[in-house]
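Colleague: To start, I am sharing the structure in question, which I have written as structure tokens.
The values are calculated or read from the model by the stated rules, or taken from the named source; none is laboratory data. Small disclaimer: the values here were computed from a predicted structure and weren't measured. Positions of Cβ are backbone-derived with ideal geometry, glycine not excepted, and every protein chain shown enters the neighbour counts. Accessible surface is based on the protein model in full, side chains and every heavy atom, while ligands, DNA and RNA are left aside. Shrake-Rupley method; radii C 1.70, N 1.55, O 1.52, S 1.80 Å.
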Amino acid sequence: MKTLLGIDRSILQAVWANVLSWFVKRFLPHLVPKIPQAISDCDDDSRENPLRKTCSTGTTKQQQQQQQQELTKCIVIARPGGKEQLKLITLKPGIATCGFNIEQRDKAFTHSLVGEEELPSDCILLRNQAFSVNYADCCIRWGLYESAKEYVGYPIVPGFDVAGVVERLGSKAAEYGFHVGDLVYGCTLFGAYSSRVLVPAMQLRKIPKSITLTHAAALPAVSLTALYALFLAGHWPTRSKYSNKSILIHSAAGGVGSMLVQMAKLVGCSPIVGVVGRSNKVDAAKQLGCDTVIDKSTQNLWQEAERASPNGYSTIMDSNGVSTLQQSYDHVAMTGRLIVFGFHTNLPVGRDMLSPLEWFRMARRMSEMPKFDPMHMGGQNKSVLAFNLSFFAEEREMLSELFDQVQTWLEDGLLQVPRVVEMEMHNIADAHDLIQSGRSVGKIVLSTDR
């Protein structure tokens, strides 16, 4: 039974888990290490358990360090909750993390890959050296990310973006032009918070010589999301034939926003109007290519938007949710499209754990979401389109074409890589703090090697 009293059971479980984390941290902080978790890094050594015993003795410190380098380290979320659920663990020999489109897996982990025949033929075992943090990862930790719940469950290793060295190839992976030792980057459908990831070869590309491995790790999710949004808006792969080519981009200095601004210019959108939430992000948005930047912390957003494009917008890119969706729709011109790929303002900003009050606030915001009447939309000749690429496991041809275009633009020097904040893997809690705060500019990338 997926529902209880008409409510999705997974939401009820997320509410309980988050409120438990909040209550313990608020009133019994000394018990935070004892909050129930589904995983221990010193568990039994059964075949079904992917975690390696870390409590063994009898080896020297140097031997232990060598063993650790040969084993997969990853960050697991055992169940929904606060940052205490972000746990750095070590897996057993032959085990790596993987996305949900790998058939032979146990939730977030591969089966043993010790033998050559055990590597799926179309996959690459990647020694992952860097991964990025997306706001979606916080939603996964809270238990609010639909594809994570539907395809993986808990425990889960979050993350979409990877960059590293090809360690092993499946028997057919060489057909994609890869060799052992190649520096590659790409995306996985969860499992990126890891030092070793099994990834289908078609989801990887060689890192262009013009960018660093760290910057490559910042690119896949945001660039593919941005280009697919422009595809839905009718601006790619062929340019729009409509006379109005104006575009307004919310969060223009963020990860997806920074890609959208540049790609919009490449596909002929004009004027490009970027919206930012803090004054310190204005210059970054201008440097990316915005013709006009609206700082909504000091300016009236919609008055300025009307001034920048008096006839409305052919496209508005909105990942904000309830705070702007209705007004965004109202400012779309005839034949225009509102593209929705996130709901940030429906969720808490700057909070580690979700208190009972936050759940009530989220419920209120959901009740305030605008409803669009198809009859009115038809009369106004407007469209609203929404998407989430983490559901696109079967859309191999589409994703491959998107990635090829991004790769071409990078190799031709037409895309600037996002501004990157670098951290180490063990600082994952700080990374979640930063991205939740709304203060980050560009992307946050964590190294697995240090």
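Colleague: Would a scan of region 439-448 turn up a residue that is open to solvent by 30 Å² or more (accessible area, probe 1.4 Å) and either free of Cβ contacts under 8 Å to residues at least 24 places away in the same chain or closer than 30 Å to Asn280 by Cα (or both)?
Modeller: Yes: region 439-448 contains one or more residues that are open to solvent by 30 Å² or more (accessible area, probe 1.4 Å) and either free of Cβ contacts under 8 Å to residues at least 24 places away in the same chain or closer than 30 Å to Asn280 by Cα (or both).
Colleague: Which residue pairs have Cβ atoms closer than 6 Å, lie 6 or more positions apart in sequence or on different chains, and pair a first residue in region 207-222 that is in contact (Cβ under 8 Å) with a residue 24 or more places away in the chain with a second residue that is part of a loop (DSSP other than H, G, I, E, B) and open to solvent by less than 10 Å² (accessible area, probe 1.4 Å)?
Modeller: Ala218/Pro418
Colleague: Scanning region 315-350 for residues that are among the polar types (S, T, N, Q) and farther than 14 Å from His250 by Cα, which turns out most open to solvent (accessible area, probe 1.4 Å)?
Modeller: Filtering region 315-350 for residues that are among the polar types (S, T, N, Q) and farther than 14 Å from His250 by Cα, the one most open to solvent (accessible area, probe 1.4 Å) comes out as Thr335.
Colleague: Just to verify a result, which residue in region 270-294, among those that are in contact with a Ser or Thr (Cβ under 7 Å, 6 or more places away or on another chain) and farther than 22 Å from Val332 by Cβ, is least open to solvent (accessible area, probe 1.4 Å)?
Modeller: Checked region 270-294; the qualifying residue least open to solvent (accessible area, probe 1.4 Å) is Leu288.
Colleague: Could you please give the count of residues in region 401-443 that are among the aliphatic types (A, V, I, L, M), outside any helix (DSSP H, G or I) and modelled with pLDDT of 95 or more?
Modeller: 3
Colleague: Residues Ala252, Ala229: which one is outside any strand (DSSP E or B), within 24 Å of Asn311 (Cβ to Cβ), touching a Phe, Trp or Tyr at 6+ places or on another chain (Cβ under 7 Å) and not polar (S, T, N, Q)?
Modeller: When all the criteria are applied, what remains is Ala229.
Colleague: Condition (residue is open to solvent by less than 30 Å² (accessible area, probe 1.4 Å) and outside any loop (DSSP other than H, G, I, E, B)) applied to region 111-119: is it met by at least one residue?
Modeller: No: zero hits.
Colleague: Follow-up. In region 220-231, which residue that is of a type outside the set (A, V, I, L, M, F, W, C) and open to solvent by less than 10 Å² (accessible area, probe 1.4 Å) is farthest from the chain's Cα centre (by Cα)?
Modeller: For region 220-231, the residue satisfying everything is Ser223.
Colleague: Against the definition (part of a helix (DSSP H, G or I), farther than 15 Å from Gly342 by Cβ, out of contact with any Asp or Glu (no Cβ under 7 Å at 6 or more places or on another chain) and modelled with pLDDT of 95 or more), how does His215 come out, yes or no?
Modeller: For His215, the condition - part of a helix (DSSP H, G or I), farther than 15 Å from Gly342 by Cβ, out of contact with any Asp or Glu (no Cβ under 7 Å at 6 or more places or on another chain) and modelled with pLDDT of 95 or more - is met.
Rundown of residues vs (1) among the basic types (Lys, Arg); (2) within 13 Å of Gln129 (Cβ to Cβ); (3) free of Cβ contacts under 8 Å to residues at least 40 places away in the same chain, yes/no style:
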| residue | (1), (2), (3) |
| --- | --- |
| Val162 | no, yes, no |
| Val166 | no, yes, no |
| Asp182 | no, yes, yes |
| Ala192 | no, yes, no |
| Ala201 | no, no, no |
| His235 | no, no, no |
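Colleague: Taking interchain pairs and intrachain pairs at least six residues apart, which have beta carbon atoms under 9 angstrom, with the first residue in region 13-37 and farther than 16 Å from Pro155 by Cβ and open to solvent by less than 60 Å² (accessible area, probe 1.4 Å) and the second among the aromatic types (Phe, Trp, Tyr) and modelled with pLDDT of 85 or more?
Modeller: So the pair list comes out as Val15/Trp359; Asn18/Trp142; Asn18/Trp359; Val19/Trp359.
Colleague: Enumerate the pairs (first residue in region 313-324 and without any contact (Cβ under 8 Å) to a residue 60 or more places away in the chain; second residue anywhere and part of a loop (DSSP other than H, G, I, E, B) and of a type in the set (A, V, I, L, M, F, W, C)) with beta-carbon separation below 9 Å, excluding pairs fewer than 6 apart on the same chain, so at least 6 apart or on different chains.
Modeller: The qualifying pairs are Gly321/Phe343; Gly321/Leu347; Gly321/Met369; Val322/Phe343; Val322/Met369.
Colleague: More than 19 Å from Leu410 (Cβ to Cβ), acidic (Asp, Glu) and modelled with pLDDT of 95 or more: does that describe Asp161?
Modeller: Taking the combined requirement at face value, the residue does not satisfy it.
Colleague: OK, next. Can you tell me which condition Val282 does not meet? The list is (1) without any contact (Cβ under 8 Å) to a residue 40 or more places away in the chain; (2) more than 19 Å from Trp409 (Cα to Cα); (3) out of contact with any Asp or Glu (no Cβ under 7 Å at 6 or more places or on another chain), and all the others hold.
Modeller: (3)
Colleague: Please specify each residue of region 354-393 satisfying the condition of being in a helix (DSSP H, G or I) and exposed (fewer than 13 other Cβ atoms within 10 Å of the Cβ).
Modeller: Residues satisfying the conditions are Pro356, Leu357, Phe360, Ala363, Arg364, Met366, Ser367, Pro374, Met375, His376, Gly378, Gly379.
Colleague: Could you list all residues from region 232-249 that are part of a strand (DSSP E or B) and either open to solvent by 10 Å² or more (accessible area, probe 1.4 Å) or out of contact with any Leu (no Cβ under 9 Å at 6 or more places or on another chain) (or both)?
Modeller: Correct list: Lys245, Leu248.
Colleague: List every residue pair whose Cβ atoms sit under 9 Å apart, with the two residues 6 or more apart in sequence or on different chains, where the first one lies in region 415-426 and is under 13 Å from Ala130 (Cβ atoms) and the second, anywhere, is among the aromatic types (Phe, Trp, Tyr) and assigned to a strand (DSSP E or B).
Modeller: Between residues of region 415-426 that are under 13 Å from Ala130 (Cβ atoms) and residues that are among the aromatic types (Phe, Trp, Tyr) and assigned to a strand (DSSP E or B), the close pairs are Met425/Phe131.
Colleague: Separate question: Among the residues that make up region 168-176, is at least one of them surrounded by 21 or more Cβ atoms within 10 Å (Cβ to Cβ), of a type in the set (A, V, I, L, M) and in contact with a Pro (Cβ under 8 Å, 6 or more places away or on another chain)?
Modeller: Checked against the condition, which is being surrounded by 21 or more Cβ atoms within 10 Å (Cβ to Cβ), of a type in the set (A, V, I, L, M) and in contact with a Pro (Cβ under 8 Å, 6 or more places away or on another chain), region 168-176 yields no hits at all.
Yes/no per residue for (1) modelled with pLDDT under 95; (2) farther than 19 Å from His235 by Cβ; (3) assigned to a strand (DSSP E or B); (4) over 27 Å from the mean Cα position of the chain (by Cα):
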site: Cys290; (1), (2), (3), (4): no, no, no, no
site: Ile294; (1), (2), (3), (4): no, yes, yes, no
site: Gln303; (1), (2), (3), (4): no, yes, no, yes
site: Thr315; (1), (2), (3), (4): no, no, yes, no
site: Val322; (1), (2), (3), (4): no, yes, no, no
site: Met334; (1), (2), (3), (4): no, no, yes, yes
